[in-house]
1. If the Cβ limit is 9 Å and pairs must be 6+ apart or interchain, which residue in segment 105-121 that is under 12 Å from L76 (Cβ atoms) pairs with which residue that is assigned to a helix (DSSP H, G or I) and of a type in the set (S, T, N, Q)?
2. Within the set of pairs 6+ apart or on separate chains, which have a first residue in segment 1-30 that is closer than 30 Å to E48 by Cα and modelled with pLDDT under 90, a second that is surrounded by 10 or more Cβ atoms within 10 Å (Cβ to Cβ) and β-branched (V, I, T), and C-beta atoms under 9 Å apart?
3. Of all residues in segment 91-103, which are crowded, with 18+ Cβ neighbours inside 10 Å and either outside any strand (DSSP E or B) or among the aliphatic types (A, V, I, L, M) (or both)?
4. Is there a residue being under 11 Å from the mean Cα position of the chain (by Cα), surrounded by 10 or more Cβ atoms within 10 Å (Cβ to Cβ) and modelled with pLDDT under 80 anywhere in segment 59-79?
5. Quick one: I54 ticks every box in (1) of a type outside the set (S, T, N, Q); (2) within 21 Å of P32 (Cα to Cα); (3) in contact with a Gly (Cβ under 8 Å, 6 or more places away or on another chain); (4) at pLDDT below 90 bar one, so which box is it?
Amino acid sequence: MAEINVTPFVDVMLVLLIVFMVTAPLLTVGVPVDLPKTRAPALGQDREPLSVTIARDGKIYLQKQVVPEDELVPKLTAISNNGYDQRIFVRGDTSVNYGKVMIVMGMLSAAGFTHIGLVTDVQKPNAR
């Protein structure tokens, strides 16, 4: 019998497919910060937004890369593929000064970016 048995190959491919489907949502881009909690549900998204993070120590990150404050807008302008319609999410640690977050949002708004959003964690309901 000279036929190739593909059943083991198909079994391995299906297992790999399931593994990748389970692990892909866990691979989110970002710097670990303690986000504030809200009761608002998550918004639906159609394409991947850019992420600006203000960490606990006050450093500003563009995706996962540390960026000086004066270089943030030029770098965002250079990498935004949708022009000023690019969706930008601002993430700030709960211990960061509110003024620092507003300075970053003001810089983005003054540069012409119009789709700026704040990211929070979902607050767990009180057990009653």
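1. Once the first residue is under 12 Å from L76 (Cβ atoms) and sits in segment 105-121, its partners that are assigned to a helix (DSSP H, G or I) and of a type in the set (S, T, N, Q) give A111/T77; G112/T77; F113/T77; I116/S109.
2. Hits for this filter: G30/T53; G30/V119.
3. Answer for segment 91-103, where residues must be crowded, with 18+ Cβ neighbours inside 10 Å and either outside any strand (DSSP E or B) or among the aliphatic types (A, V, I, L, M) (or both): D93, V96.
4. no
5. That leaves (4) as the condition not met.
The values are calculated or read from the model by the stated rules, or taken from the named source; none is laboratory data. Every value quoted in this text rests on a predicted model; they were computed, and no experiment measured them. Every residue, glycine among them, receives a Cβ derived from its backbone with ideal geometry; neighbour counts consider all protein chains shown.
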